[in-house]
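Peer 1: The structure is given below, and queries will be raised subsequently.
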Amino acid sequence: METQAVPETEVLEKTSEEKRNEVLANRYRYPEKILGMMDKNMETVDFVYDYLEKRGHVYTSQLDLDKDIKLGEIPLLIQWDERWGYGQYGENIVATSGCGPTCMAMVIAGLTGNTTVTPYTLAVYSEEHGYLTDDGNTIWSFITEGGKEFGVQGQTISLNEETVTETLMEGNPIICSVGPGDFTDNGHFIVLVGCKDGKIKVNDPYSYANSEKLWEFEVLQPQIKNLWKMSKYETDEANLFEKHVFLE
């Protein structure tokens, strides 16, 4: 009689709801800020589910040219990306508190082509150079001054539609500090990256869903506390960091 091979057992991926329930059943093992990620955004379920195994680990030292970068665009980077989100940032981690460094990483990659600067790279730089407060917030001077060593700088601009639209049409992204509203319950950084059909394209480092929308200026305006036009900063020191360039 012919012997048949034993079929391989198919391993079924758990659903997001199953992962969430498993985390909640073991909630005593997770910091409150990590659990809170799922309450704010169900996109983070996989990150939270993997937290106990991967906390403290950083899995890359550079961006992926194929995955992250598109020629002529400011890339969308997510602070809870598992490649860097578990990395320490002060008393917290990049996933929960690294919106500022993640926004800066987007701008650096988009304006200079430098793929060696990740959100975790900038979180370390921010903390080491005094841009991180004791309560885990990134101070505004990080946006104006913190990027210069990596080839970008920020300049405060007026919060009016004409200025914002003109800045974006010129090819300059705008980093915004926003308060409670569509993006956060407390404070957060986002990047305005372009205009389309009279609306504004936003890169939100905490949300793919927010980043897929087009936003009316009137919706964004009352939520913005400050905003900075980002541009290249030309110095010999900054040019040392431009190790990667875009190729056609």
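Peer 1: So, Ile139, is that one in contact (Cβ under 8 Å) with a residue 24 or more places away in the chain and closer than 15 Å to Asn226 by Cβ or not?
Peer 2: No.
Peer 1: Further, regarding this structure: Quick check on segment 94-106. Is at least one of its residues touching a Ser or Thr at 6+ places or on another chain (Cβ under 9 Å), outside any helix (DSSP H, G or I) and at pLDDT 95 or above?
Peer 2: Scanning segment 94-106 turns up at least one residue that is touching a Ser or Thr at 6+ places or on another chain (Cβ under 9 Å), outside any helix (DSSP H, G or I) and at pLDDT 95 or above.
Peer 1: Within segment 141-157, how many residues are of a type outside the set (Gly, Ala, Ser), closer than 19 Å to Cys176 by Cβ and more than 16 Å from the chain's Cα centre (by Cα)?
Peer 2: 7
Peer 1: Show the residue pairs meeting these rules: Cβ distance below 7 Å; 6+ apart or different chains; first residue within segment 29-45 and assigned by TED's automatic domain parsing to the domain that holds Ser97; second residue part of a helix (DSSP H, G or I) and loosely packed, with under 15 Cβ neighbours inside 10 Å.
Peer 2: Hits for this filter: zero, empty list.
Peer 1: Further question: For segment 12-23, indicate whether the set of residues that are at pLDDT 95 or above, surrounded by 10 or more Cβ atoms within 10 Å (Cβ to Cβ), of a type in the set (A, V, I, L, M, F, W, C) and over 22 Å from Gln79 (Cα atoms) is non-empty.
Peer 2: no
Peer 1: Within segment 138-148, does at least one residue satisfy the condition of being within 22 Å of Leu65 (Cβ to Cβ) and either among the polar types (S, T, N, Q) or in the same structural domain as Phe189 (by TED's automatic domain parsing) (or both)?
Peer 2: yes
Peer 1: Please enumerate the residues belonging to segment 186-195 that are modelled with pLDDT of 95 or more and either not β-branched (Val, Ile, Thr) or not in a strand (DSSP E or B) (or both).
Peer 2: If the condition is that a residue be modelled with pLDDT of 95 or more and either not β-branched (Val, Ile, Thr) or not in a strand (DSSP E or B) (or both), then Gly187, His188, Phe189, Leu192, Gly194, Cys195 are the ones that fit.
The values are calculated or read from the model by the stated rules, or taken from the named source; none is laboratory data. Model, not experiment: these values are computed from the prediction. Note: ideal-geometry Cβ built from the backbone for every residue, glycine included; neighbour counts use all protein chains shown.
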